[in-house]
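S.K.: Mind looking over this structure? Questions follow.
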Amino acid sequence: MRLLTDLQWLNADGALADGWILIESDRISDCGHGAAPQPEEASVESLEGAIVLPGFIDLHCHGGGGGSYLSGSTEEAHQAALTHRRHGTTTSLGSLASASHGDLLRQIEALLPLAADGTLAGIHLEGPWLAPDYCGAHDPNVLRGVADDQLAELLASGQIAMVTLAPEVDGALAAIPRLVAAGAVVAIGHTGADEAVIKQAIDAGARVATHLFNAMPPLHHRKPGPAATLLLDDRVTLELIADLEHVAPAMLELAIRVAGPDRVALVTDAIAAADDGDGDHRLGNMDVVVSGGVARLREGGALAGSTLTQDVALRQLVEVVGVDLSAASTMLSATPAHALGLTDRGQIAPGLRADLVVLTPTLEVIDVIRAGVRVD
């Protein structure tokens, strides 16, 4: 049993207050504000005025630290997960990208050990059922409609936690209830569908917007399209990439004001280049050049994921966009936990998993605790 003292965490009013957290095994057994208890059996650790937030949860991440979830290598994928863990992400999906059916099966196979041991919270298929006109950094040559037999093979692992599709693609609308029944969260993205088709997809069970504003038509006053329709539907959780390249600060603020923090999930959409520096990289079979921390396809220059980590997203939301710390924390933890149906994490509360990020007053990561264990 460990008692963390001399720290600040957010109280019920969303304000930082002096407090303490008691950890027993992998759980928060108790927590509070004010004077800490003195259980005789607990080892006491003073955090000397640090800020403690719930561990970050990333719905959309392709890699980091030089490792890619698309590589077909379990070792590379493990490296990526550990890289983001050191930046405070204690729960993450392993996101794949559009590929041939055989390549997707191979990539899923490499991620299964990490999903089974809890390193990953599941696998996210971003494609291949995407609209060619909005494919972004996905290979247009492998995009296709939904084939029932291929879908069954992809779902057979039992570890597909989320699927991004464009509802206008052949077979996509019919596939949504099937995906939901298989336990996958369905996300709408890389789409040019009109308001009516987006509403059909939501009514069929889609509940997430993949990187809102990106890989879809811009907001238009006569054609609401995907962005406005998803933004206005209270059933939908909105992914936002807060690297300040994918979405301008004013548009981040707009989405947060309209939807509220309880419907916004900050994601990285990170590729292997995250925390790995500028230079040449790969995203599946696509060549990517990273310059100044911005990843773009070598051919055509489309943004190719990001080099973002969640701690950087936190600081940019607070310091640049002007979001208060409580709202930013909600968008990094509680909202994505809810989107995935993870009821055992996302907040600091008794009985929940002890996933914690320890930060300086300037929101730099000092320490990360995942399931009660300090991350190396």
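All of the numbers you see were taken from the coordinates with simple rules; none came from a lab. These numbers were taken from a predicted model, which means no experiment stands behind them. Methodologically, a virtual Cβ is constructed for each residue, glycine included, from the backbone with ideal geometry; neighbour enumeration extends over all protein chains shown.
S.K.: Using only helices, what value at 222 nm comes out for the chain when you add -39,500 (n - 2.57) per DSSP H run of length 4 or more and divide by the total residues, to the nearest 500 deg cm²/dmol? Show your work: numbers first, answer last.
M.R.: Values: 10 runs with 94 residues, N = 376.
Result for the chain: -7000 deg cm²/dmol, rounded to the nearest 500.
S.K.: Find how many whole Å separate the alpha carbon centroid of the range 164-178 from the alpha carbon centroid of the range 260-325.
M.R.: 27 Å
S.K.: Sticking with this one: If r is the Cβ-Cβ distance from H33 to D234 and R0 is 35 Å, what FRET efficiency results, to the nearest 0.05?
M.R.: Working: r = 32 Å, r/R0 = 0.91.
Calculated value: 0.65.
S.K.: Ok, one more. What angle, in degrees between 0 and 90 and rounded to the nearest 10, separates the Cα long axis of helix 101-116 from the longest principal axis of the Cα atoms of the chain?
M.R.: 10 degrees
S.K.: Follow-up. Would you mind checking the tilt of helix 172-181 against the longest principal axis of the Cα atoms of the chain, expressed as 0 to 90 degrees and rounded to 10?
M.R.: Here the helix axis deviates by roughly 30 degrees.
S.K.: Restricting to the range 13-164, what percent of DSSP beta bridges are antiparallel, rounded to 5?
M.R.: Working: 8 of 18 bridges.
So the antiparallel bridges in the range 13-164 amount to around 45 percent.
S.K.: For the chain, find the longest principal axis of its Cα atoms and tell me its angle to the long axis of helix 249-259, 0 to 90°, nearest 10.
M.R.: Between the helix axis and the principal axis of the chain, the angle is about 80 degrees.
S.K.: Once you order the gyration tensor axes a ≥ b ≥ c over the Cα atoms, which shape class does the range 56-340 get: rounded for a/c under 1.5, otherwise prolate or oblate by comparing a/b with b/c? Numbers along the way, then the final one.
M.R.: Working: a/c = 1.30, a/b = 1.01, b/c = 1.28.
Rounded shape, in that the Cα axes give a/c under 1.5.
S.K.: Turning to a different aspect of this structure: Which of the GluC sites (Glu not before Pro) across the range 1-99 are loop residues per DSSP, with 11 or fewer other Cβ within 10 Å?
M.R.: E40, E41
S.K.: Of all DSSP beta bridges located in the chain, what percent are antiparallel, nearest 5? Intermediate results must be reported in sequence, preceding the final value.
M.R.: Numbers: 36 of 66 bridges.
Roughly 55 percent of the beta bridges in the chain run antiparallel, per DSSP.
S.K.: Relative contact order of the chain: what whole-number percent is it, with Cα pairs under 8 angstrom and at least 6 residues apart?
M.R.: Values: 927 pairs, mean separation 73.9, N = 376.
RCO, the chain: 20 percent.
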